[in-house]
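The values are calculated or read from the model by the stated rules, or taken from the named source; none is laboratory data. No experiment lies behind these values; they were computed from the predicted model shown. Cβ placement follows ideal geometry from the backbone for every residue including glycine, while neighbour counts extend to all protein chains displayed. Surface areas here come from the heavy atoms of the whole protein model, side chains and all, with no ligands, DNA or RNA. Shrake-Rupley method; radii C 1.70, N 1.55, O 1.52, S 1.80 Å.
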Amino acid sequence: MNARLKRPILAVVVSSALLAGGAFAASPALASDSGRSATADAGAVLADEPTPDPSETTPTPEPSETTPAPDPSETTPAPEPTDTPTTSAPEPSDTPTTSDPEPSETTTPPTEPPTSPPPTTPVDTAAPKGAFTLNTTSLWVGQKVTFTQGAVSDDLSPASAIGRVVSWGDGTSTTLKATGQAPVNKQYLRNGKFTITLTVKDQAGKTAKVTKVLNVTVPGKFKISKYGIWPGERVTTTFSSVPAGTTRIRFDNGDGYVQEIKPKNQAIKVFYYHRKNGGLIKGKVTLRATFYNKFGASSAVYVGVVNVKTDSWKPVVKVKKPKNPTKIKSWKTVTGTVSDKGSGAPYVYVWVTRINGSAVYCYTPAKKWKRVYSEEQYNNCAPVAITPSKGKWSLKINGLGKGTVYVDARAWDWADNASKWASIQSKVK
């Protein structure tokens, strides 16, 4: 049924019921109305009719599958019989009758007071900004670059909440402080070009990067004259391409000796014999150089490796006897030879002694005669060191007098191998 028609139809039904009720209510008045000829007869007839049984006049509909039987406790009791005849209810049909619902009052929900919409959260659409400076963009290997963090900002995140990480370009990184970050020094131990990157990240996860390139080089160039040498053999190391701004160079020979050399292109000669802390040098030694400028010291730069060969040969020394050994004038010059298969003998050491009766004299390195009075003094007589040339050596003897002359010679090579003694003697007049 159309909802708009419910109320008018219900009003009609109610009005009909009221009219019917009014008719029934007026029945007693009709009985006393003597003006109507049928009144007495109608009253007699009605008085003689038996009062109908409610159970017979209003049959109870049988329960069906669609209409459940009413609970006796909920069923309204039938009204008491009255003189007014009751119209019997229609027989139930298969289609259940749905009664119109009673009208009810429409309840209007209370109107809530208007509220302001919640504030909208600002959307982070911009990446943060960062900056940094380097004290230089060019270094030598082993030196340190100084990284100084600049201002960091963002559209929403406070500076203190922005993450900062610096990547050094060599596979390492450093997390920086948001506030109070001191300059960071980073050392590079190999040469190459390194991209230093500062990454900043705000609270929304947005990132930005700032980069600078640092060039790390090896100062100088080097050339070694020989790579395989005997002990004591000279090696020349040539320095070239010494960078401008170099203040000094420390040259490590590899044997424990370090020398300061001028900061310029040059050639340095070195020979290898004994290490500074003792012991004969054998095998490989590594040469290195350290350069200095306003940024400090470089790493010890590799110059090269020299192999000092092992020498197991002993030198051989000989003394030549003068042509007329008994004549003093024949001893003005003493000569001899020296040879060696290995490193060579740098010197031939010659002891000259003269014995005249009970007097013993030594020939000193100053080319003078000195008398000694004890065996200890004699053993302390120093030899004359002679540098051989092309395997030959010679010694001038000044002021030789009469007596017996002794010439003893011996040599050591650069590998500390000693020769046997070579000796001559003769009585001179």
*Accessible-area composition of region 341-393, carbon plus sulfur, in percent [1.4 Å probe]*: 48
*Unsatisfied cross-links (Cα-Cα over 23 Å) in the set Lys370/Lys392; Lys186/Lys264; Lys269/Lys294; Lys318/Lys429; Lys332/Lys392*: Lys370/Lys392; Lys186/Lys264; Lys269/Lys294; Lys318/Lys429
*Calculate what fraction, in whole %, of the accessible area of region 141-183 sits on carbon and sulfur atoms when a 1.4 Å probe is rolled over the protein chains.*
52
*Charge sum, other residues only, whose C-beta stays under 10 Å from Phe194's C-beta, Lys/Arg counted +1 and Asp/Glu -1*: +3
*Between Lys329 and Ser312, with labels modelled 7 Å along Cα→Cβ, what's the label distance in nm to one decimal, could you check?*
5.2
_Neighbourhood charge, 13 Å Cβ-Cβ cut-off, centred on Ala359 and excluding it, Lys, Arg +1 and Asp, Glu -1_ = +4
*Given H placed 1.01 Å from N in the peptide plane, which residues other than close sequence neighbours of Ile397 have an amide H under 5 Å from its amide H?*
Thr333, Val334
*Provide the per-residue ³J(HN,Hα) series for region 257-269, in order, calculated from phi with Karplus coefficients 6.51, -1.76, 1.60 and θ = phi - 60°, each as a whole number of Hz, with x at glycine and proline positions.*
9, 10, 10, 8, 10, 5, x, 7, 5, 6, 10, 10, 9
_Residue-wise HN-Hα coupling along region 234-246, computed from phi with Karplus coefficients 6.51, -1.76, 1.60 (Hz; x: Gly, Pro)_ = 6, 10, 9, 10, 9, 9, 9, 6, 5, x, 4, x, 5
*Estimated FRET transfer efficiency (Thr364, Arg234; beta-carbon r; R0 35 Å; 0.05)*: 0.70
_Counting only other residues whose beta carbon sits under 14 Å from that of Ala297, what net charge do I get with K and R as +1, D and E as -1?_
+3
*At 0.36 nm per residue, minus the direct Cα-Cα distance, what do Gln203 and Thr121 gain on full extension? Give it in nm, one decimal, please.*
28.1 nm
*asked:* So, for region 347-418, what is the accessible surface per residue at a probe of 1.4 Å, expressed in square angstrom?
replied: 56
*Between Ser225 and Ile261, how many nm apart are label points set 7 Å from Cα along the C-beta direction?*
1.2
*Taking a spot 7 Å from the Cα of Lys294 along the direction of its beta carbon, which residues of region 140-182 have an amide N less than 20 Å from it?*
140-148
*Enumerate the amide H contacts of Val303 below 5 Å, restricted to partners 5 or more residues apart or on another chain; note that Pro and chain-start residues carry no placed amide H.*
Leu287, Arg288, Ala289
_region 334-429: chymotrypsin sites (Phe, Trp or Tyr not before Pro) in DSSP coil with no more than 16 other Cβ atoms inside 10 Å_ = Tyr373, Trp421
_region 119-275: C-alpha gyration tensor shape, a/c 1.5 cut-off, then a/b vs b/c_ = prolate
*Mind checking the per residue accessible area of region 236-320 for me, 1.4 Å probe, whole number of Å²?*
55
_Accessible carbon and sulfur surface of region 206-256 relative to its total accessible area, %, 1.4 Å_ = 48
_Placed amide H near Val360: partners under 5 Å, 5+ positions off or other chain_ = Val372
_Phi to ³J(HN,Hα) by Karplus 6.51 cos²θ - 1.76 cosθ + 1.60 over region 149-166, Hz, x for Gly, Pro_ = 6, x, 6, 10, 8, 7, 6, 10, 6, x, 4, 5, 9, 8, x, 9, 9, 10
